[in-house]
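Everything below concerns the one structure shown next.
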Amino acid sequence: MRSGPGALLGQAGAAAVEFALSAPFLIFFFIGTADFAIAYHRAIQLSEALTAGALYGFTQGQTESGSTLTSDVQSFVQNVSAVTLSSVSVAYNGGLAAASCYCVKGTALTFTGPFTCGSTCTDGSGSTAGKYLSITGTFTYTPMFPSDQIFFTSPLTQTVLVRVK
């Protein structure tokens with residue numbers, strides 16, 4: 001076994017080689033982690049913008065309806081969003097007649113009706129027919145590291161539904 005300054009140089013050289021071999025994997029791991037964290041943060045910002053739009057739509061929906069309400073809410077969501085949205089779409093009563101009331105069922109937001117406003121829905125949920133505002137926002141995330149694009153192939157899309165009347 002060697003001792004003295006030569007032994008320390010040998011250990012330092014081995015550590016440098018180990019670091020050189022492992023550094024690319026560490027960098028790839030940390031950049032990938034940062035990409036996922038940023039994408040998750042952007043998804044939260046999208047959710048916050050749509051939630052704010054739903055609250056705005058609920059308050060404005062007490063006095064407005066139809067195309068006036070949808071354009072106001074769409075402008076509001078685009079202005080309040082912390083991210084640049086690829087698209088924002090707002091539908092009053094799922095695009096059906098604004099003067100009628102509907103029931104909503106399922107996770108795909110299926111509107112049934114028209115019904116008399118305030119009448120009990122026939123889907124067995126016990127809810128009452130009303131007027132709804134559906135807000136869908138889309139954001140396309142571009143990762144920092146080009147190889148991470150395989151994990152972010154589709155845009156982030158979220159939908160919020162709020163009963164306005």
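Quick note: the coordinates plus some simple rules give every number you see, no bench work behind them. This one's a predicted model, so the numbers in the text were calculated from it and none came from an experiment. Virtual Cβ from ideal backbone geometry, glycine too; neighbours counted across all protein chains shown.
Around the Cα centre of the chain, unit charges on the Cβ atoms of Lys, Arg, Asp and Glu (plus for the first two, minus for the last two) sum to a dipole of about 220 debye. Among 128, 52, 88, flag the residue with its Cα farthest along the positive direction of the charge dipole of the range 5-163, charges on Cβ as +1 for Lys/Arg and -1 for Asp/Glu. So the residue we want is 128. Its DSSP H runs of at least 4 residues, each contributing -39,500 (n - 2.57), put the calculated 222 nm mean residue ellipticity of the chain at -16000 deg cm²/dmol, to the nearest 500. Summarising the label geometry, the points placed 7 Å from Cα in the beta-carbon direction at residue 15 and residue 100 lie 7.6 nm from one another. Within the range 104-157, the percentage of alpha carbon pairs spaced more than 16 angstrom apart rounds to 60%. Each peptide in 22-34, 81-93 receives the mean, over its residues, of other Cβ atoms within 10 Å, and ordering these scores from highest gives 81-93, 22-34. Please compute, over every Cα-Cα pair in the chain, the percentage with a separation greater than 28 angstrom. Tail of P(r) above 28 Å: 46 percent of Cα pairs.
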